[in-house]
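Below: one structure, written as structure tokens.
The values are calculated or read from the model by the stated rules, or taken from the named source; none is laboratory data. Worth saying up front: this structure is predicted, and the values here are computed from it rather than measured. Cβ coordinates were reconstructed from backbone atoms using ideal geometry, including for glycine residues, and neighbour counts include every protein chain displayed. When the accessible area is computed, the model is the full protein with side chains, heavy atoms only, and any ligands, DNA or RNA have been set aside. Shrake-Rupley method; radii C 1.70, N 1.55, O 1.52, S 1.80 Å.
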Amino acid sequence: IVVSMRPRQWVKNLFVLAGLVFSQRLFTVSTWVALAAFAIFCAVSGAIYLLNDVADRERHRLHPRKRERPIAAGRLPVGVAVGAATALIAAGLGLSAWLSRPFLVTVVAYVVLLVAYSAWLKHIVIVDVLVVASGFVLRAVAGAVVIAVEMSGWLLICTILLALFLALGKRRFEYVALHQDAARHRPILAEYSPELLDQMIAVVTASTVTAYALYTMSPETVTKFHTRLLPATLPFVLYGIFRYLYLLYRRQVGGNPSELLLSDRALMLNAVGWICAVLLIIYGTRLE
């Protein structure tokens, strides 16, 4: 069950902590509330993966890698998987209601969106990647509402653009890696082509860097954090994006951005460097 919940994918749920960090409430009691919200999203997203693997088990058995997943391989019975997913979602919603009503509404929206994606939306061209990106936005929104802080519009824009960048990169990897069998394993890939995906990736890449740069320099940001040093974190963002593109186009990897972050040392060190730089600038200024 745990393997089918894909723990490596839980790194995506770190977006829940964005509101905590950028509201400058990291070293307060709000941290425990945000961590509880993070755990809830890990449980709920894991449940969605279980349901998705149940629905797609026949198609996964034809895939060179996905056929090793417990449900597709027959190691995890369908009934057990569905029961575990139902229990996880119920527990997640119950704990969400205990934390706050706005947070519960956001978690419900996330569950409904992801279920709709698995059942229908993943078969609609362009909408499929937009829904994936929206899932990241809902994580960020949930992290803000659970501690009752306002989420910056800039951060929401940066979140959805970064999520689109990763989703499109994943689509391109799948298309190229599976060749003629791409549409059989993921039918929506028949609507894409490497050239179309390349153009979309180029647009989103430029937009992501521009949005983040504008956010770090905006008067709103300077006033909020009392510092003009946040643009110093831009090199980390540039390197992370360029490194991912290098791995995608030259090393032919990138099918799972979450696992790539955990397995590629350069990406991991860069992410840690960005986090340390942001914390030092935001909280170091506050301590002064």
Restricting attention to the range 110-117, does a residue exist that is aromatic (Phe, Trp, Tyr) and under 14 Å from ILE48 (Cα atoms)? yes
Criterion (buried (at least 19 other Cβ atoms within 10 Å of the Cβ) and either of a type outside the set (S, T, N, Q) or within 23 Å of the chain's Cα centre (by Cα) (or both)) met by exactly one of ALA119, ALA109, ALA81, ALA87: ALA81
Residue match in the range 84-97 (condition: assigned to a helix (DSSP H, G or I) and closer than 26 Å to ILE157 by Cα): yes
Where ILE147 falls short, out of the listed (1) part of a helix (DSSP H, G or I); (2) crowded, with 19+ Cβ neighbours inside 10 Å: (1)
What number of residues within the range 22-37 are touching a helix residue (DSSP H, G or I) at 6+ places or on another chain (Cβ under 7 Å) and touching a residue at least 40 places away in the same chain (Cβ under 8 Å)? 8
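Being in contact with an Asp or Glu (Cβ under 7 Å, 6 or more places away or on another chain) and crowded, with 19+ Cβ neighbours inside 10 Å is the filter here; which residues of the range 224-261 pass it?
LEU247
Scan the helices (runs of 4 or more DSSP H) fully inside the range 213-281 and keep the ones with 2 or more residues being under 30 Å from VAL176 (Cα atoms).
The qualifying helices (runs of 4 or more DSSP H) are 234-249, 257-263.
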So if I check each of GLU191, GLU195, which one is open to solvent by 40 Å² or more (accessible area, probe 1.4 Å), charged (D, E, K, R), within 29 Å of ARG59 (Cα to Cα) and free of Cβ contacts under 8 Å to residues at least 12 places away in the same chain? GLU195
